[in-house]
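One structure coming up, written as structure tokens, with questions to follow.
The values are calculated or read from the model by the stated rules, or taken from the named source; none is laboratory data. Fair warning: this is a prediction, and the values are worked out from it, not measured in the lab. Don't worry about glycine lacking a Cβ; one is built from the backbone with ideal geometry, like all the others, and counts go over all protein chains shown.
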Amino acid sequence: MEKLLKSRITSAMNLRARLGLPNKCTNVYRLVNSEGDRLSGLIIDIFGECAVVASSAAWVEKFRSVIEETLKFATSCTHVVWRPSPEMLKEEGLLSKESNSSQTHTISDDMDKSDTLEVVENGIHYNINLSGQKTGFYADQRESRLWLRSIAKERSVLDLCCYSGGFSLNAAIGGASEVTGVDSSAPAIELALANRELNGFNSRRMNFVKADISEYMKSAISEGRTWDIVILDPPKLAPSRKVLEQAIRMYRNLNVLAMKCVEPGGLLMTCSCSGAMTQSGKFPSILQASALSARRKIDY
């Protein structure tokens with residue numbers, strides 16, 4: 001198993017190298033993408049010289065030392081931060097206190113999970129907090145952010161659940177006429193504001209608002225306000241199949257509101273990071289139902 005694990009991590013690293021990662025414009029990327037790299041339950045994101053490991057399977061915890069050793073010798077990383085998922089590990093029979101016993105491990109012992117790092121993705125600089133959401137940064141949305149940059153010129157953009165401002169910054173770089181980012185988390189908004197300043201933008205081009213996204217959208221709708229592009233990228237609403245029906249209602253309600261915020265002829269980019277939702281295959285039908293409720297016609 002150790003040999004197989006090392007081989008698959010190395011294969012993942014070689015694939016990223018063939019795709020040109022890392023490079024002078026991007027030093028943050030996903031090195032291991034769970035099932036996509038035949039390592040279910042293991043996510044590894046690279047932030048410059050730091051690797052963040054998101055563990056959601058008991059086997060990952062068992063082979064922790066092998067993973068850390070492989071990262072140390074197969075990459076240029078000098079730090080490893082471990083981010084276990086207690087809820088997922090508990091489902092696999094690993095006690096919560098065991099999975100929480102050491103949230104952070106560093107190879108060099110001079111780095112803490114509370115540290116803030118500066119990274120670069122497609123030429124945009126970000127401050128990331130290693131104790132933030134997921135691994136600290138949504139590295140899996142890199143190409144989506146770049147795509148938004150390519151279509152944002154002279155368009156108004158609403159970025160819902162904006163977190164550290166990734167979509168907002170790319171829209172601004174792409175020439176958006178105005179950008180509004182909304183998140184209910186105060187630390188997320190603080191991070192987004194810091195990243196706005198880091199990249200030389202100001203409140204005239206890009207505004208961040210701390211608010212519940214549902215309430216923000218309802219207020220905008222009542223005022224008749226719309227945007228040319230709306231991005232809806234909520235946190236995981238269906239962490240397991242047990243709450244799938246509840247999540248379906250939440251996704252539908254959020255998308256109804258988001259569709260009403262889109263200027264006629266505009267674009268909605270809506271996302272789901274819930275594995276249970278993806279596996280159910282219900283997301284497209286949720287969007288169709290949302291469109292009916294919003295009295296909007298959608299084209300995929």
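Residue by residue, here is whether (1) surrounded by fewer than 14 Cβ atoms within 10 Å (Cβ to Cβ); (2) more than 24 Å from Ile151 (Cα to Cα); (3) touching a Cys at 6+ places or on another chain (Cβ under 6 Å) holds:
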position	(1), (2), (3)
Met217	no, no, yes
Ser222	yes, yes, no
Met259	no, no, no
Ser285	yes, yes, no
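Could you look through the stretch 173-198, keep only residues that are of a type in the set (Gly, Ala, Ser) and surrounded by 23 or more Cβ atoms within 10 Å (Cβ to Cβ), and pick out the one that is nearest to Gly132 (Cα to Cα)?
Ala192
Under the condition of being under 19 Å from Val179 (Cβ atoms) and touching an Asp or Glu at 6+ places or on another chain (Cβ under 9 Å), which residue from the stretch 123-136 is surrounded by the fewest Cβ atoms within 10 Å (Cβ to Cβ)?
Of everything passing the filter in the stretch 123-136, His125 is surrounded by the fewest Cβ atoms within 10 Å (Cβ to Cβ).
Based on this model, can you work out whether Ser272 counts as over 20 Å from Leu148 (Cβ atoms) and within 22 Å of the chain's Cα centre (by Cα)?
Against the criterion (over 20 Å from Leu148 (Cβ atoms) and within 22 Å of the chain's Cα centre (by Cα)), Ser272 does not qualify.
Something else now. Of the residues that sit in the stretch 207-242 and are of a type in the set (Lys, Arg) and either at pLDDT 95 or above or in a loop (DSSP other than H, G, I, E, B) (or both), which one is farthest from Asn253 (Cα to Cα)?
Lys210
I want to confirm something. Restricting to the stretch 114-152 and keeping residues that are acidic (Asp, Glu) and part of a strand (DSSP E or B), which single residue is nearest to Pro22 (Cα to Cα)?
We begin by selecting, within the stretch 114-152, every residue acidic (Asp, Glu); these are 115, 118, 121, 140, 143.
If we keep only those that are part of a strand (DSSP E or B) as well, we get 118, 121.
Values: Glu118: 15, Glu121: 10 Å.
The residue in question is Glu121.
List every residue pair whose Cβ atoms lie under 6 Å apart, where the two residues are 6 or more positions apart in sequence or sit on different chains, the first residue falls within the stretch 262-277 and is aliphatic (A, V, I, L, M), and the second residue, located anywhere, is buried (at least 16 other Cβ atoms within 10 Å of the Cβ) and at pLDDT below 95.
From residues that are aliphatic (A, V, I, L, M), the pairs are Ala276/Ala238; Ala276/Leu244; Met277/Ala238; Met277/Phe283.
Check whether at least one residue in the stretch 284-297 is within 30 Å of Ser34 (Cβ to Cβ) and part of a strand (DSSP E or B), and report yes or no.
Looking for residues that are within 30 Å of Ser34 (Cβ to Cβ) and part of a strand (DSSP E or B), one finds none in the stretch 284-297, hence no.
For the stretch 1-38, name all the residues that are in a strand (DSSP E or B) and exposed (fewer than 14 other Cβ atoms within 10 Å of the Cβ).
Listed by number, the list holds a single entry, Asn23.
Residue check, Arg204 against (1) in contact with a Cys (Cβ under 7 Å, 6 or more places away or on another chain); (2) more than 22 Å from Tyr251 (Cβ to Cβ), all met but one. Which one?
(1)
Further question on the same structure: State whether the residues of the stretch 76-95 include one that is part of a loop (DSSP other than H, G, I, E, B), buried (at least 17 other Cβ atoms within 10 Å of the Cβ) and either at pLDDT 90 or above or among the acidic types (Asp, Glu) (or both). Spell out how you get there, then give the answer.
Taking the stretch 76-95 and keeping what is part of a loop (DSSP other than H, G, I, E, B), we get 76-78, 85, 92-95.
Within this subset, residues satisfying the condition of being buried (at least 17 other Cβ atoms within 10 Å of the Cβ) are 77, 85, 94.
Then keep just the ones that are either at pLDDT 90 or above or among the acidic types (Asp, Glu) (or both); that gives 77.
Scanning the stretch 76-95 turns up at least one residue that is part of a loop (DSSP other than H, G, I, E, B), buried (at least 17 other Cβ atoms within 10 Å of the Cβ) and either at pLDDT 90 or above or among the acidic types (Asp, Glu) (or both).
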